[in-house]
Amino acid sequence: MGKKYIDSAKLVDRSKAYDPAEALDLVCQTSKAKFDETIEIHIRLGVDSRHADQQVRGAVVLPNGTGKNVKVLVFAKGDKVQAALDAGADYAGGAEYAEKIAQENWFDFDVVIASPDMMGVIGKLGKVLGPKGLMPSPKAGTVTPDVAKAVTEAKAGKIEYRLDKTNIIHCPIGKASFGVEKLSENFDTLVGAVIKAKPAAAKGQYIKSCVIASTMGPGIKVNQAKLG
């Protein structure tokens, strides 16, 4: 552990679960790296992701964005290619990009959007895009006839949330430089979306735990009773 981490850890009471605003204030205080650290939230849910009826997945536009310059790749045909580029897509086209990914192991993008008629082309990429969380899906709004709108939302700070195998959602909610107010707005938006996405099959306590942390800082427990 580095000196900065040890100093930051001294500010955090490990036995305490903080109110959201207090936790976000602390996470800003403990972000001491020389770069603008990303603030992440980790939410453990009381569901079993092995069951299809207990999946929690969706997407939400953070009101203050993520602070990250997102590179967008769009699979589309005809007029939609130019519409995607006009909306700010970094790359837009068809099979040529599928081949580039498959043959050159090319991943110079953060989000993949596709029009429904292109799913046949990128379906074969499931094995490489899926593990990286890049496979487009209707549920996340990344398979859509309106690719231009999806590009605009991705650039504005739309993030996807989904359970990992241990039933935890990991998501960025901004940068340390945002300050408590902007981070709080993003935090509330994301947590609200996750609560709204609660499966009918979920029994017992839904949010088991919530931790926020900066890229290089210690984890800070949030009092889940104060969420939603």
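A cut-off of 5 Å between modelled amide H atoms, ignoring neighbours fewer than 5 places along the same chain, links LEU163 with VAL56. Placing a pseudo-label 7 Å from each Cα along the Cα-to-Cβ vector at GLU96 and ALA52 gives an inter-label distance of 3.9 nm. In the full protein context, the chain carries 51 Å² of accessible surface per residue, based on a 1.4 Å probe and ignoring ligands, DNA and RNA.
Karplus-derived 3J(HN,Hα) values for the stretch 111-117, using 6.51 cos²θ - 1.76 cosθ + 1.60 with θ = phi - 60°, are 9, 10, 10, 9, 7, x, 6 Hz; glycine and proline are entered as x. Given +1 at the Cβ of Lys and Arg, -1 at the Cβ of Asp and Glu and no other charges, the dipole of the stretch 58-130 around its Cα centre is 220 debye to the nearest 20.
For the chain, carbon and sulfur atoms together expose 52% of the accessible surface, with a 1.4 angstrom probe and every protein chain in place. Taking 7 Å steps out from each Cα toward its Cβ at ASP164 and ALA9 produces label points 2.0 nm apart. Rounded to the nearest Hz, the phi-derived 3J(HN,Hα) couplings of the stretch 100-108 under the Karplus curve 6.51 cos²θ - 1.76 cosθ + 1.60 (θ = phi - 60°) are 4, 5, 5, 8, 10, 6, 8, 9, 8, where x marks glycine and proline.
The values are calculated or read from the model by the stated rules, or taken from the named source; none is laboratory data. Predicted model only: the values in this text are computed from it and were never measured. Every residue, glycine as well, gets a Cβ built from its backbone with ideal geometry; the counts of neighbours run over all protein chains shown. Ligands, DNA and RNA are excluded from the accessible area calculation, which covers all protein heavy atoms including side chains. Shrake-Rupley method; radii C 1.70, N 1.55, O 1.52, S 1.80 Å.
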